[in-house]
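Here it is, the structure in full.
The values are calculated or read from the model by the stated rules, or taken from the named source; none is laboratory data. Keep in mind that what you see is a predicted model, and the values were worked out from it rather than measured. Because the Cβ atoms are built from the backbone with ideal geometry, glycine has one as well, and the counts that use them run over all protein chains shown.
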Amino acid sequence: MKKLSEIHNLELFFHLLGVGLNCAQLDTDRVKKLNDGDWEALFSLANYHEVAALLFDAIVKDSTTTVPIDVRLKFLGMQEIAEQSYQHHLNTLAELLDFFDNHNIPTMVIKGLSLAQYYPIPAHRKCGDIDIYQFGKQQQADKLFSQLFGIEIKNNIVGHHTNYQYKGISIENHYHFVTTYYGGKSLELEDLLENEANDSVLSEIKQQNVFFPSPTLNAIFLPYHMAVHFREERVSMRQIIDWMMFLKTEYDNVDWTKVYEIYRKYNLGIFVNAINGILINYFNMPEKYAYHYTRNKKLEMQILNDMIEKKGNGRDSGLWDGIMHEWKQYIGSGWKFRLFGKIGFFELVKKVWNFLNHREDFKERIVFVPNIKD
């Protein structure tokens, strides 16, 4: 396994992110020793992990920090792009909220934009999709939106949301919080999360009513969502930073006794503990925000190295490509399955069997066609 000390500038990269997120004081002596190549490498790393705007917040905190002008302009450009994107996302979301409110459809914003509120500068968290949940009214909302705006609504049964494009942004409308396609414990967890959604927090975005997940809902959903990405591909830098900013803001508002029991039931405890360890030991998050924390340095290193390694895209749509993807994932990531109390080979057989028998269900399809009424 690679060691973090062998990866050029990585520890300083973590340090600067911690500074930008108000978790650490800038080590000016270390920063002054950086040369032009170091700064170029830091920008490349930050840009790849989509956190350049956050890292630049650390750079501008100290006026004595000297950054090559071409690299500084690159950082500044990425920060301006992030800010413009954030405003566009907010404006687009406000339009959606206004439309749904006029049709008496309550809307919760989950993940991205709901988590940006926890950042020192929300606009510096890079935006992606807009993820919403509509308390059982997803089909009604999609149909109305498709007919009135002339937009195709698509779905993939393996996922747990429909999606459509609006104002250049992908809108993901979740009818489930988790993928329930395989049944089992996922159905129990979905019921639990939908029950927690009843305690969502009413707020406003640009004078429009919006619901945000309750702290306890996020404390369950965010690690589970992170773990799914981790098993299928990897956990992203942005996801673990989201988790840290959530913990710093909402830790005292979470029912941790209840949440920790859910971690135990769904084999999430070891994973969450390791993510917390990464945040404590590399991003300077105070240990008081990690419930029942015990350090596991080896696992931290495994997850970190998996996270920073550049990887290709996921499974292609072809039958053989799909089977080979699952095989390669099993060969390279068996340790991930074991982390969650699963036997990797059995998981591989189950996934390939489902893929062979239901591969047509894995394909994206149109579920609502614009301007066609039933």
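For T180, only one of the following conditions fails: (1) among the polar types (S, T, N, Q); (2) out of contact with any Asp or Glu (no Cβ under 7 Å at 6 or more places or on another chain); (3) assigned to a loop (DSSP other than H, G, I, E, B). What is its number?
Here T180 meets the rest and fails (2).
Tally the residues that are within 25 Å of S186 (Cα to Cα) and not small (G, A, S), restricting the search to the stretch 247-291.
23
What's the total number of residues in the stretch 84-112 that are in contact (Cβ under 8 Å) with a residue 60 or more places away in the chain and either crowded, with 21+ Cβ neighbours inside 10 Å or not acidic (D, E) (or both)?
So in the stretch 84-112, the residues in contact (Cβ under 8 Å) with a residue 60 or more places away in the chain come out as 88-98, 101, 106-111.
Narrowing the set further to residues that are either crowded, with 21+ Cβ neighbours inside 10 Å or not acidic (D, E) (or both) leaves 88-94, 96-97, 106-111.
Residues that pass the stated criteria total 15.
Still on this structure: Name every residue in the stretch 12-37 that is of a type outside the set (F, W, Y), part of a helix (DSSP H, G or I) and surrounded by 17 or more Cβ atoms within 10 Å (Cβ to Cβ), in order of residue number. I'd like the intermediate steps shown before the answer.
Going through the stretch 12-37, the residues of a type outside the set (F, W, Y) turn out to be 12, 15-37.
When the remaining residues are screened for being part of a helix (DSSP H, G or I), the result is 12, 15-20, 28-32, 36-37.
Once the filter is applied, which keeps residues that are of a type outside the set (F, W, Y), part of a helix (DSSP H, G or I) and surrounded by 17 or more Cβ atoms within 10 Å (Cβ to Cβ), the stretch 12-37 yields L12, H15, L16, L17, G18, V19, G20, V31.
For the subset of the stretch 160-208 comprising residues that are within 19 Å of N253 (Cβ to Cβ) and among the hydrophobic types (A, V, I, L, M, F, W, C), which member is surrounded by the fewest Cβ atoms within 10 Å (Cβ to Cβ)?
Ranking the qualifying residues of the stretch 160-208, first place goes to L202.
For the stretch 224-267, give me each residue that is more than 11 Å from the chain's Cα centre (by Cα) and of a type in the set (D, E).
Residues satisfying the conditions are E232, E233, E250, D252, D255, E261.
With the structure loaded, tell me whether F211 is aromatic (F, W, Y), farther than 21 Å from R264 by Cβ and surrounded by 19 or more Cβ atoms within 10 Å (Cβ to Cβ) or whether it fails that test.
yes
Also, I was wondering about something else. Please specify each residue of the stretch 228-263 satisfying the condition of being in contact with a Lys or Arg (Cβ under 9 Å, 6 or more places away or on another chain), of a type in the set (A, V, I, L, M, F, W, C) and either surrounded by fewer than 22 Cβ atoms within 10 Å (Cβ to Cβ) or at pLDDT 95 or above (or both).
Hits for the stretch 228-263 are I241, M245.
Out of all the residues in the stretch 67-83, which are touching a residue at least 24 places away in the same chain (Cβ under 8 Å) and of a type in the set (K, R)?
K74
Okay, next question. When you look at V51, is it out of contact with any strand residue (DSSP E or B) (no Cβ under 6 Å at 6 or more places or on another chain), buried (at least 21 other Cβ atoms within 10 Å of the Cβ) and of a type outside the set (G, A, S), yes or no?
For V51, the condition - out of contact with any strand residue (DSSP E or B) (no Cβ under 6 Å at 6 or more places or on another chain), buried (at least 21 other Cβ atoms within 10 Å of the Cβ) and of a type outside the set (G, A, S) - is met.
Could you please give the count of residues in the stretch 231-264 that are out of contact with any Leu (no Cβ under 8 Å at 6 or more places or on another chain) and aromatic (F, W, Y)?
Count: 4.
Do any helices (runs of 4 or more DSSP H) lying entirely in the stretch 264-374 carry at least 2 residues that are among the aliphatic types (A, V, I, L, M), modelled with pLDDT under 90 and surrounded by 15 or more Cβ atoms within 10 Å (Cβ to Cβ), and which ones are they?
Of the helices (runs of 4 or more DSSP H) lying wholly inside the stretch 264-374, those with at least 2 residues that are among the aliphatic types (A, V, I, L, M), modelled with pLDDT under 90 and surrounded by 15 or more Cβ atoms within 10 Å (Cβ to Cβ) span 297-308, 319-339, 344-357.
Of the residues that make up the stretch 56-66, is at least one of a type in the set (G, A, S) and either touching a residue at least 40 places away in the same chain (Cβ under 8 Å) or within 30 Å of K206 (Cα to Cα) (or both)? Don't jump to the end; show me each part of the working.
Just the residues of the stretch 56-66 that are of a type in the set (G, A, S), to begin with: 58, 63.
So of that shortlist, the ones also either touching a residue at least 40 places away in the same chain (Cβ under 8 Å) or within 30 Å of K206 (Cα to Cα) (or both) come out as 58.
Yes.
Further, regarding this structure: So P120 ticks every box in (1) part of a loop (DSSP other than H, G, I, E, B); (2) over 30 Å from K61 (Cα atoms) but one. Which box is left unticked?
In the conditions (1) part of a loop (DSSP other than H, G, I, E, B); (2) over 30 Å from K61 (Cα atoms), P120 misses (2) alone.
While we're on this one: In the set L222, L217, L189, which member is in contact with a helix residue (DSSP H, G or I) (Cβ under 8 Å, 6 or more places away or on another chain), part of a helix (DSSP H, G or I) and modelled with pLDDT under 95?
Numbers: L222 fails: modelled with pLDDT under 95; L217 fails: modelled with pLDDT under 95.
Among L222, L217, L189, only L189 is in contact with a helix residue (DSSP H, G or I) (Cβ under 8 Å, 6 or more places away or on another chain), part of a helix (DSSP H, G or I) and modelled with pLDDT under 95.
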